[in-house]
Amino acid sequence: MGNKILVVDDDPEISSLVQYSLESMGHQVKVCDNGREVMDVMRTYQPDLLVLDVMLPGIDGYSLATQISEDEAMSKLPIVVLSALEPSRTMFQRFSQVAAFLTKPFNTDDLVEAVKNALAKK
């Protein structure tokens, strides 16, 4: 069985596309549709990779990345950021665990490549 990946996106179409793409690579995928439950789910699910949207209900992706980077148990977790907001790319450059930033709409081949690279560095 592949790696455990947590996908956080409030758009069901994006979540389904990402989940399908990653499961077809052999990974186990869990989906969260809001920022509020992410930290709890991460503690119980213990993913090998996080695919994170920026604009989320509850807590935004940047705040989550900050919390993750400050949590000793999660600070090495690779993150692939998905966003419709290209300008937010610069905000995420300060996080060493952000392995890739993909702008929506994205090509699934780019997502697959970003996930492979992020997991290879882990």
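The values are calculated or read from the model by the stated rules, or taken from the named source; none is laboratory data. Keep in mind it's a predicted model, so treat the numbers as computed, not measured. Using ideal geometry, Cβ is built from the backbone for each residue, glycine included, and neighbour counts are taken over all protein chains shown.
Couple of notes before you dig in:
- The set of residues in region 48-63 being small (G, A, S) and under 15 Å from F101 (Cα atoms) consists of G61 alone.
- Within region 3-42, the set of residues being polar (S, T, N, Q) and in a loop (DSSP other than H, G, I, E, B) comprises N3, S24, N34.
- Look at (1) surrounded by 13 or more Cβ atoms within 10 Å (Cβ to Cβ); (2) at pLDDT 95 or above and you find that N34 fails only one, number (2).
- Considered as a group, the residues in region 77-88 that are farther than 19 Å from S16 by Cα and at pLDDT 95 or above include one that is surrounded by the fewest Cβ atoms within 10 Å (Cβ to Cβ), and that residue is L77.
- Inside region 43-64, residues that are part of a loop (DSSP other than H, G, I, E, B) and either of a type in the set (D, E) or buried (at least 20 other Cβ atoms within 10 Å of the Cβ) (or both) make up a count of 5.
- The set of residues in region 1-26 being surrounded by 14 or more Cβ atoms within 10 Å (Cβ to Cβ), under 14 Å from the mean Cα position of the chain (by Cα) and of a type outside the set (D, E, K, R) consists of N3, I5, L6, V7, V8, I14, S15, L17, V18, Q19, S21, L22.
- S69 small (G, A, S) and surrounded by fewer than 14 Cβ atoms within 10 Å (Cβ to Cβ): no
- Filter result (of a type in the set (K, R) and out of contact with any Leu (no Cβ under 9 Å at 6 or more places or on another chain)) within region 68-108: K76, R89, R94
- Matching residues, region 2-26, being under 17 Å from K122 (Cα atoms) and without any contact (Cβ under 8 Å) to a residue 60 or more places away in the chain: G2, K4, L6
- Summed over region 89-122, the residues that are in contact (Cβ under 8 Å) with a residue 24 or more places away in the chain, part of a helix (DSSP H, G or I), over 21 Å from S16 (Cβ atoms) and not hydrophobic (A, V, I, L, M, F, W, C) give a count of 1.
- Residues that are surrounded by 14 or more Cβ atoms within 10 Å (Cβ to Cβ), of a type in the set (V, I, T) and more than 21 Å from P47 (Cα to Cα) within region 89-120 comprise just one, T103.
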